[in-house]
Amino acid sequence: MARVRLEHVTKRYDDQGEIVTAVDDMNLDIDHGEFICFVGPSGCGKSTTMETIAGLTIPTEGEVHIGDREVTNLPPKDRGIAMVFQNIALFPHMDVYDNISFGLRLRDYPQDEIDRRVERAADIVQLEGMLDRMPDEMSGGQRQRVAIARAIVREPDVFLMDEPLANLDAKLKVHMRTELQRLHKELDTTIIYVTHDQEEAMTLSDRIAVLNSGSLQQIDPPLTCYNEPDNLFVAGFIGSPSMNFISGTVGESAIETPNFSLAFDPATVEGLGVGDEVTIGIRPEDIYPGEFRNEIRDPSSLISARVDILEPMGDEIFAYMLLAEGETSMDQKQTTNNQLLMSIEPDSEIQEEEDIEVAIDRRNVHIFDSATGDALVHKLEPVGSDTGVTGREAESDD
Ligand code: ADP
């Protein structure tokens, strides 16, 4: 059973006298057979974390366990792992069979065992019939499959993959993603996969580990990271296009923003009080043009906005909107609070420059503590149909 555990792993580099903390007190417990993606922006510590598991880097502090062994200081070859990297280094003068079997031949495996393993691996990655091809006779995707087969023949307890699809074109990437999922099912091994692409992480993983600045932000199934992000970083990183963030101030019975009030009872969150600064998070797909308001189960009254730019995507349109500014102080006007991105139906007749009214679905509104970034609420209780959000215009109509 190849469970992988990191206990308080920290990796610091001395970069010409300046100490860089690449990984900061990382704790991870990955079950046997799990497909885990490390995701986060460039430089957040994904590769370094992976390298401590691979044995390519020895942590400054902490322990790495694979299966029931502590492996912190063991060399890569003694860890029961196999790696696949972004840059596929195949031997150009060897055919596919020789490339896949190279490691086994080096270790003097008996010929019939080598044949058995190569055949099985070629079958799994669908390279049967291509074993005598040379690398320059193959496509990028086929070469990447050779690299994966080379890892499979080692029969590792854990696969470590660092951006293995990064160099493939978009269509091939989607195809290889499906292949990796099939591979994972067939092999029943643990796969740890590094990517900066949140979409890749969403589609592949059992759980996503979101990293930022060397620290683990959240490790949860993809939909939990999407629907219940632990903090502003995860909320902004997972989901494309990103969640809208609007800062506001907690009032007696609402969160006040320069453009609208969102009905909210501060007593529902322990420790939260009137005057506290919060950030409201709303995904683009949870905003609706006013004319659809009756179809939302918890309609709120409307927020006035001007459509700035429309981006047709085929199956949806992204509408970038500017919110009407209302009665704001100079301070509030200086924030970027007045932008909102809405995803709408492709047949919508909304035009650029049009003044429209939008509603938000309270069931998917997130509230974060602006100071710490921590999530406070992921779902607002429904309120009467006209009291959820009070637009400035709606108020003045009363
Ligand atoms: P990611 O894989 O998420 O892009 P890395 O793990 O490669 O991030 O790097 C994390 C941080 O550690 C970065 O700031 C990077 O510059 C630094 N770093 C990585 N390796 C070294 C090294 N060998 N020497 C100095 N700094 C390094």
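The values are calculated or read from the model by the stated rules, or taken from the named source; none is laboratory data. Note that the coordinates shown come from a computational prediction; the quantities given were computed from them, not determined experimentally. Cβ coordinates were reconstructed from backbone atoms using ideal geometry, including for glycine residues, and neighbour counts include every protein chain displayed. Protein only, heavy atoms only, side chains kept; ligands, DNA and RNA dropped before computing areas. Shrake-Rupley method; radii C 1.70, N 1.55, O 1.52, S 1.80 Å.
Among residues of region 37-49 that are more than 8 Å from His196 (Cβ to Cβ), those with a Cβ under 6 angstrom from a residue that is within 7 Å of the ligand (Cβ to nearest atom) and part of a loop (DSSP other than H, G, I, E, B), sequence gap 6+ or separate chain, pair up as Gly45/Gly214. Just one residue in the set Asn73, Asn27 is more than 16 Å from the ligand (Cβ to nearest atom), surrounded by fewer than 16 Cβ atoms within 10 Å (Cβ to Cβ) and assigned to a loop (DSSP other than H, G, I, E, B); that residue is Asn73. For region 32-41, a residue qualifies if it is open to solvent by less than 30 Å² (accessible area, probe 1.4 Å), more than 7 Å from the ligand (Cβ to nearest atom) and part of a loop (DSSP other than H, G, I, E, B), and the qualifying residues are Gly33, Glu34. Only one entry of Ile58, Ile53 meets the criterion of being under 27 Å from Ala166 (Cβ atoms), within 15 Å of the ligand (Cβ to nearest atom), open to solvent by 60 Å² or more (accessible area, probe 1.4 Å) and aliphatic (A, V, I, L, M), and that entry is Ile58. If you go through region 186-214 and keep only what is farther than 23 Å from Arg154 by Cβ and of a type in the set (Asp, Glu), you end up with Asp197, Glu199, Glu200. Do we have Cys44 as within 18 Å of the chain's Cα centre (by Cα), within 8 Å of the ligand (Cβ to nearest atom) and open to solvent by less than 60 Å² (accessible area, probe 1.4 Å) here? In short, yes.
Residue-by-condition table, conditions (1) within 16 Å of the ligand (Cβ to nearest atom); (2) within 23 Å of Ser42 (Cα to Cα); (3) at pLDDT 90 or above:
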{"residue": "Met134", "(1), (2), (3)": "no, no, yes"}
{"residue": "Met138", "(1), (2), (3)": "no, no, yes"}
{"residue": "Gln142", "(1), (2), (3)": "no, no, no"}
{"residue": "Arg150", "(1), (2), (3)": "no, no, yes"}
{"residue": "Arg154", "(1), (2), (3)": "no, no, no"}
{"residue": "Met161", "(1), (2), (3)": "yes, yes, yes"}
{"residue": "Lys173", "(1), (2), (3)": "no, yes, no"}
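No other residue among Phe102, Phe91 is of a type outside the set (D, E, K, R), open to solvent by 20 Å² or more (accessible area, probe 1.4 Å), part of a helix (DSSP H, G or I) and farther than 30 Å from Glu7 by Cβ apart from Phe102.
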